[in-house]
1. Cα centroids of region 64-107 and region 6-31: how far apart, whole angstrom?
2. Could you work out the longest stretch of the chain that avoids the trypsin sites (Lys or Arg not before Pro) located in DSSP loops with at most 10 other Cβ atoms within 10 Å?
3. Please give the calculated 222 nm ellipticity per residue for the chain, where each DSSP H segment of at least 4 residues contributes -39500 (n - 2.57) and the sum is spread over every residue; nearest 500 deg cm²/dmol?
4. Lysines near LYS149 by alpha-carbon distance under 17 Å, same-chain residues fewer than 8 away left out - which ones?
5. Using only the alpha carbon atoms of region 1-63, find the Kirkwood hydrodynamic radius as the inverse mean reciprocal pair distance, in angstroms to one decimal.
6. Send over a whole-number figure in Å² for the accessible area per residue of the chain, probe 1.4 Å.
7. Given axes a ≥ b ≥ c from the Cα gyration tensor, I'd like to know whether region 78-132 is rounded (a/c under 1.5), prolate (a/b larger than b/c) or oblate.
8. Got a number for carbon plus sulfur as a percent of region 1-46's accessible area, 1.4 Å probe?
Amino acid sequence: MASMAAKHRFMQQYLFNIALDCKHSRNWRCEFCKKQARETVWMTASWMHLSPPRMVCYVHNICDSAHGECHEKLAALNEEMGRATGCPPNALPRSEVPAGRTEYPLSASCAHCERDETAQRNTLKQCMRCKVTRFVLADCQRPDWPRHKDFCKAVEDVKWIWN
């Protein structure tokens, strides 16, 4: 049986792998200022010692997680999460802005090419299998399949609870 640390690492890696699919599933707005979201920040609470192990994911769509009022509100939520779970707050994760860009792509853009001009709802098609992740055309979906397939299959297998 895997150790709790190994289970936790597995879940963290899995969430990292599906984050792009969740981000590009719709035209998300910043939960604080309502501008178009460019970043998706995941916070988790886990109980890996239980049988079966459990993890709750809180997904925050935000315009800018590093600066300004929205960053401050997100940091306050992170502190609150730490108090609620009895654990110290996690460092707010922030990945590098993709090469050749000055900001993160809009959440509403194509999951593969991530061009902001694809962010209009009528320009994107949902994956026919999972009906979640959005792509411009098959030309973007096909090369993205090796990355997307794990999420696509999980949508059928996982019990999803949306608030």
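1. Here the two parts' Cα centres lie 14 Å apart.
2. Longest gap between qualifying sites, sites excluded: 35-158.
3. -12000 deg cm²/dmol
4. LYS23, LYS125, LYS131
5. Values: mean 1/r = 0.0772 Å⁻¹.
The answer is 12.9 Å.
6. On the way: 10360 Å² over 163 residues.
I get 64 Å² per residue for the chain.
7. oblate
8. Carbon plus sulfur share of accessible area: 60 percent.
The values are calculated or read from the model by the stated rules, or taken from the named source; none is laboratory data. Only a predicted model underlies this, so the values are computations on that prediction, with no experimental measurement involved. Virtual Cβ from ideal backbone geometry, glycine too; neighbours counted across all protein chains shown. Note: accessible area is taken over every heavy atom of the protein model, side chains too, but ligands, DNA and RNA are not part of it. Shrake-Rupley method; radii C 1.70, N 1.55, O 1.52, S 1.80 Å.
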